[in-house]
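**Q** Sending over a structure as structure tokens; questions will come in a sec.
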Amino acid sequence: MVNSGTNWAKNLTYRAQRLHRPRSVPEVQELVVRAERVKALGSRHCFNDIADTTAEHVSLEDLPAEVSIGDGVVWLPGGMRYGDLASWLAERGYALHNMASLPHITVVGATATGTHGSGVGNGTLSSAVAGIEFVRADGELVRLHPQDPDFAGAVVHLGALGLVTRIGLRVQPTFQVATTVYRGLDLDGLLDNYSAIAASAYSLSVFTDWREDVQIWAKSRVGDPVTTDFFGAQPAGERTHMLAGQPIDNLTEQLGVPGSWHERLPHFRPDFTPSNGDELQSEYFVAAEHAHRALAALRPLGEKMAGLLLTNEIRTIAADDLWLGPTQGADTVAFHFTWVPKQEEVEALLREIEAALRPFGGRPHWGKVFTTEREELRRVYPRLDDFTELVRRFDPDGKFGNDFTARVLGT
């Protein structure tokens, strides 16, 4: 048993007294029953205190790496990372529908917070969940499937329902993807044409510094029609990083070279650390129908962002029905901000960004830095009170609660 240390960005030192690494599900159950307060700790890639606790931390990375597949669903242990799962699937001719920018994150942590990739026809990573097995506060092992009435509320669970020991994801046959980066579009071109740009590839990201630098990262499935007209933007002649001056070796292949889905959909390679973690991240979601107006509302803040913003990645994701999912009820545009590590200054600017996006129902990402208060969260996440009741049923004594759940859920 050791202390938990810091999160990936090092903007948070965990307060847990002990870190446990159980090697079996019965050991997890025993730990949960014995603990007064307990939280799961994944890849530490959250930028707030969602996974913090003053008592017991549990890492599930040492659970047996047993992966099985059947009926179009792959089942995997709670501590597994996307990069390891993707390699396992690709070797056997399978694929996930999408991946996040980083393959380094755990599947359970990503799906529990509504993390996503990109593509107008692609749901969040959480939308692929086909089953969850977790240890409840009383130590009971519970498995939920899509037919269960609590399922849509339990997928994006913020770590508040239990410790997830196994999770099932829907899979499909493997496919190939080619990435091309386009440069030369200005902000006017982005604002006028974002919706058309977003629909131009299977997965597409726009990066901008809100001054004049705009990059379009188009990831097309091999065999699909390919769009090359990006309103004046031209293909980059060399591999391109979204951050000027950063090493390109940690990026996945570009320049239109086809490769397996798992080696193209993420921006970063799993065998490289994408950066040293000296950054903060925030993300806000608005319904895609408001994309143009939300872009226009953010543009006047460009100069204020200049000294703090490393890059803003803009993506579109398909709707789902998950209670706390960022795309619940509507196709959605996501504004992902990567900041220099100046917490106080960033939080002050976030209040202005949140105010600019409030008319469009801006929803914060659960695992990033945000200042949105509970009453506003209840407005933009209309099933938040339903989820709070679900938490009370599954964890009546607040064993999986912490400061984050107290602020967000009032529990």
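**Q** Could you list all residues from the range 193-235 that are charged (D, E, K, R) and within 28 Å of PRO300 (Cα to Cα)?
**A** Let us first name the residues in the range 193-235 that are charged (D, E, K, R), namely 209, 211-213, 219, 221, 224, 229.
ASP209, ARG211, GLU212, ASP213, ASP229 - these are the residues of the range 193-235 that are charged (D, E, K, R) and within 28 Å of PRO300 (Cα to Cα).
**Q** Another question, then. Only one of (1) surrounded by 22 or more Cβ atoms within 10 Å (Cβ to Cβ); (2) assigned by TED's automatic domain parsing to the domain that holds ASP278 is not met by ASP192, so which one is it?
**A** So the condition that ASP192 fails would be (1).
**Q** Residues SER200, SER195, SER220: which one is part of a strand (DSSP E or B), over 27 Å from HIS45 (Cβ atoms) and under 25 Å from the mean Cα position of the chain (by Cα)? Working first, answer last.
**A** Numbers: SER200 fails: part of a strand (DSSP E or B); SER195 fails: part of a strand (DSSP E or B).
Within the list SER200, SER195, SER220, the selection yields SER220.
**Q** Within the range 143-163, does at least one residue satisfy the condition of being in a strand (DSSP E or B), among the aromatic types (Phe, Trp, Tyr) and closer than 29 Å to VAL38 by Cα?
**A** Taking the range 143-163 first, the residues in a strand (DSSP E or B) are 143-144, 163.
When the remaining residues are screened for being among the aromatic types (Phe, Trp, Tyr), the result is none.
Checking the range 143-163: not a single residue is in a strand (DSSP E or B), among the aromatic types (Phe, Trp, Tyr) and closer than 29 Å to VAL38 by Cα.
**Q** So which residues in the range 179-231 are of a type in the set (S, T, N, Q) and either touching a His at 6+ places or on another chain (Cβ under 7 Å) or modelled with pLDDT of 95 or more (or both), if there are any at all?
**A** Quick first cut of the range 179-231, residues of a type in the set (S, T, N, Q) only: 179-180, 193, 195, 200, 203, 205, 208, 215, 220, 227-228.
Of everything in the range 179-231, those that are of a type in the set (S, T, N, Q) and either touching a His at 6+ places or on another chain (Cβ under 7 Å) or modelled with pLDDT of 95 or more (or both) turn out to be THR179, THR180, ASN193, SER195, SER200, SER203, SER205, THR208, GLN215, SER220.
**Q** So which residues in the range 236-249 are within 26 Å of GLU303 (Cα to Cα), in contact with a Ser or Thr (Cβ under 8 Å, 6 or more places away or on another chain) and without any contact (Cβ under 8 Å) to a residue 60 or more places away in the chain? Working first, answer last.
**A** As a first pass, look at the range 236-249 and keep what is within 26 Å of GLU303 (Cα to Cα): 240-246.
Filter again for in contact with a Ser or Thr (Cβ under 8 Å, 6 or more places away or on another chain), leaving 242-243, 246.
Result: GLN246, single match.
**Q** Would you check which residues across the range 257-275 are surrounded by 15 or more Cβ atoms within 10 Å (Cβ to Cβ) and in a loop (DSSP other than H, G, I, E, B) and list them?
**A** Within the range 257-275, PRO258, ARG264, LEU265, PRO266, HIS267, ARG269, PRO270, PRO274, SER275 meet the criteria.
**Q** Residues in the range 76-84: is at least one among the aliphatic types (A, V, I, L, M), in contact with an Asp or Glu (Cβ under 7 Å, 6 or more places away or on another chain) and closer than 24 Å to LEU265 by Cα?
**A** Residues of the range 76-84 that are among the aliphatic types (A, V, I, L, M), as a first pass: 76, 80.
Adding the requirement that they be in contact with an Asp or Glu (Cβ under 7 Å, 6 or more places away or on another chain) leaves none.
Within the range 76-84, none of the residues are among the aliphatic types (A, V, I, L, M), in contact with an Asp or Glu (Cβ under 7 Å, 6 or more places away or on another chain) and closer than 24 Å to LEU265 by Cα.
**Q** Oh, and also: Does any residue of the range 279-302 turn out to be within 29 Å of ASN250 (Cβ to Cβ) and in a loop (DSSP other than H, G, I, E, B)?
**A** Yes; the residues of the range 279-302 include at least one that is within 29 Å of ASN250 (Cβ to Cβ) and in a loop (DSSP other than H, G, I, E, B).
**Q** Restricting attention to the range 223-250, which residues are outside any loop (DSSP other than H, G, I, E, B) and in contact with a strand residue (DSSP E or B) (Cβ under 6 Å, 6 or more places away or on another chain)?
**A** In the first step, residues of the range 223-250 are kept if they are outside any loop (DSSP other than H, G, I, E, B); the result is 230, 233-235.
Across the range 223-250, the qualifying residues are PHE230, ALA233, PRO235.
**Q** Which of the following residues is in a strand (DSSP E or B), of a type in the set (Phe, Trp, Tyr) and under 24 Å from SER260 (Cα atoms): TRP75, TRP88? I'd like the intermediate steps shown before the answer.
**A** On the way: TRP88 fails: in a strand (DSSP E or B).
Unique residue meeting the criteria: TRP75.
**Q** Suppose we keep only residues that are part of a loop (DSSP other than H, G, I, E, B) and among the hydrophobic types (A, V, I, L, M, F, W, C) within the range 12-34. Which one would you say is surrounded by the most Cβ atoms within 10 Å (Cβ to Cβ)?
**A** Step one: filter the range 12-34 for residues part of a loop (DSSP other than H, G, I, E, B), giving 12, 14-17, 21-24.
Applying the additional criterion that residues be among the hydrophobic types (A, V, I, L, M, F, W, C) yields 12, 16.
Details: LEU12: 20, ALA16: 23.
Within the range 12-34, the match that is surrounded by the most Cβ atoms within 10 Å (Cβ to Cβ) is ALA16.
**Q** What single numbered condition from (1) within 15 Å of the chain's Cα centre (by Cα); (2) over 24 Å from ALA160 (Cα atoms) fails to hold for GLY72?
**A** (1)
**Q** Output yes when any residue across the range 304-311 is of a type in the set (Gly, Ala, Ser) and over 26 Å from GLY109 (Cβ atoms), and no when none is. I'd like the intermediate steps shown before the answer.
**A** Narrowing the range 304-311 to residues of a type in the set (Gly, Ala, Ser): 306-307.
Next, only the ones that are over 26 Å from GLY109 (Cβ atoms) stay: 306-307.
Yes, that holds for at least one residue.
**Q** Looking only at the range 332-346, how many residues end up being more than 20 Å from ASP209 (Cβ to Cβ) and either modelled with pLDDT under 95 or of a type outside the set (Ser, Thr, Tyr) (or both)? Before the answer, list the steps.
**A** First, the residues of the range 332-346 that are more than 20 Å from ASP209 (Cβ to Cβ): 332, 343-344.
Keeping just the survivors that are either modelled with pLDDT under 95 or of a type outside the set (Ser, Thr, Tyr) (or both) gives 343-344.
Residues that pass the stated criteria total 2.
The values are calculated or read from the model by the stated rules, or taken from the named source; none is laboratory data. It should be emphasised that the depicted structure is a prediction, and the values quoted were computed from it without experimental measurement. Every residue, glycine as well, gets a Cβ built from its backbone with ideal geometry; the counts of neighbours run over all protein chains shown.
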